[in-house]
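For reference, the structure discussed in these notes is given below.
Only the coordinates and a few stated rules stand behind these numbers; no lab work does. If you're wondering where the values come from, they're calculated on a predicted model, not measured in any experiment. Because the Cβ atoms are built from the backbone with ideal geometry, glycine has one as well, and the counts that use them run over all protein chains shown.
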Amino acid sequence: MADPVSDLSGRTIFITGSGGVLGSTYVRRMLAAGAHVIASDLPGARADALKALHGDDPRFRFYDLDVSDEDQVTGIFQRILADGWQPNVVLNNAAITGELLMGAGKPFPDFADISVSDWERTMRTNLTAPFMVARQMDRDIVGKWPCTLINVASMYALNGAHHKIYDGMPFKNFSAYGVSKAGVHGLTVWLAGYWAARGATVNTIAPGAVFNNHSEEFQRRVGELIMAGRMAKPDEIADAMLFLSSPAAGYMTGQMINVDGGFSAW
Ligand SMILES: NC(=O)c1ccc[n+]([C@@H]2O[C@H](COP(=O)([O-])OP(=O)(O)OC[C@H]3O[C@@H](n4cnc5c(N)ncnc54)[C@H](O)[C@@H]3O)[C@@H](O)[C@H]2O)c1
């Protein structure tokens with residue numbers, strides 16, 4: 001009999017923001033575990049790299065999708081279903097992250113100088129978009145076959161940021177990020193009870209600090225706050241994500257899994 005933890009052959013997994021450091025790791029690991037993977041992201045270099053890596057795999061599909069665009073989100077599952085794929089795992093992974101802003105050369109203003117439009121842009125992508133994806137899942141999938149939603153929070157969802165470790169760093173932890181990630185878990189616990197009778201589960205994963213070419217100094221500072229003493233490798237977050245995507249997580253709903261090397265447990 002197939003092992004429910006490591007065999008994802010019965011899973012068709014839809015992922016937003018699939019081209020990032022974690023998303024691309026999930027895609028690679030889920031394909032290796034036998035899943036069908038429906039990846040999506042904004043058009044651009046990250047999407048192109050993902051398609052170049054997996055485009056020949058018949059268990060991989062890619063859709064351009066801006067999760068902040070209501071019309072695009074409203075149509076996404078109908079497009080996928082029309083193409084003959086039936087997602088039973090949905091992963092709300094796309095987000096505006098500090099590393100993404102740094103890569104785009106965006107400044108990190110002091111809290112007093114944050115504009116409402118910048119705040120709302122982060123909220124739109126990190127919190128309203130997961131709501132829109134979940135709402136569309138409710139309309140198009142929930143109740144038709146068993147399914148699960150995984151929302152992605154952060155170690156900075158339910159814990160405050162340690163502001164001092166960002167002194168002099170090219171990127172900062174910004175307020176709207178942590179607030180949006182706390183909200184994502186609110187969506188999880190609200191939906192868990194709402195969907196239970198229709199055979200759908202929903203959980204949150206809260207990754208810790210994942211190494212993505214951070215400086216030695218940043219690794220040292222953040223490492224001192226983590227019981228494990230170091231940043232995570234993307235594959236260590238993927239291990240938990242694969243479990244949540246698998247039939248082995250079938251009795252879990254409304255929960256948050258912290259994969260943070262003990263950061264949140266001090
Ligand atoms: N890397 C970490 O240390 C860490 C820690 C905690 C939580 N997380 C969370 O994990 C998830 C993945 O993070 P990552 O490190 O891979 O980030 P990343 O910055 O490498 O990737 C984010 C991805 O989201 C996509 N994206 C941004 N806006 C979008 C939009 N409007 N529509 C569609 N896609 C959009 C980007 O194109 C990118 O591919 C995020 O939700 C992030 O908040 C990451």
Farthest towards the positive end of the dipole of the chain, among Tyr194, Gly183, Gly229 and with Cβ unit charges of +1 on Lys and Arg and -1 on Asp and Glu, lies the Cα of Tyr194
So for the chain, taking the charge dipole from beta-carbon charges (+1 Lys/Arg, -1 Asp/Glu), which of Asn213, Ala265, Leu100 sits furthest toward the positive end? Ala265
If the cut-off is 16 Å between C-alpha atoms, which aspartates and glutamates fall inside it for Lys233, apart from same-chain ones fewer than 8 positions away? Glu99, Glu216, Asp260
Using helices alone, what [θ] at 222 nm do you get for the chain, with -39,500 (n - 2.57) per DSSP H run of 4 or more residues, divided over all residues and rounded to the nearest 500? -11500 deg cm²/dmol
Just subtract the alpha-carbon distance of Ser115 and Ser175 from 0.36 nm times their residue separation and send over the number in nm, one decimal. 20.4 nm
Placing unit charges on C-beta atoms (Lys and Arg positive, Asp and Glu negative, everything else neutral), compute the dipole magnitude of the chain about its Cα centre in debye, rounded to 20. 380 debye
For the chain, share of DSSP beta bridges that run antiparallel, in % to the nearest 5: 0 percent
Taking the Cα centre as origin and putting +1 on Lys and Arg beta-carbons and -1 on Asp and Glu beta-carbons, what dipole magnitude results for the range 5-85, to the nearest 20 debye? 400 debye
How far apart, in nm, are the 7 Å Cα→Cβ label points at Leu158 and Glu216? 3.7 nm
Distance between modelled label sites at Val5 and Arg230, nm, 7 Å Cα→Cβ extension: 2.2 nm
Which of the lysines could a cross-linker bridge to Lys106, judged by Cα under 23 Å and excluding same-chain residues fewer than eight apart? Lys164, Lys172, Lys181
Could you give the radius of gyration (one decimal) and Dmax (whole number) of the Cα atoms in the chain, in Å? 17.8, 58
With each label point set 7 Å from Cα along the Cα-Cβ vector, what nm distance links Asp167 and Glu99? 2.5 nm
Inter-part distance where the range 67-120 and the range 1-56 are each reduced to a Cα centre, Å: 17 Å
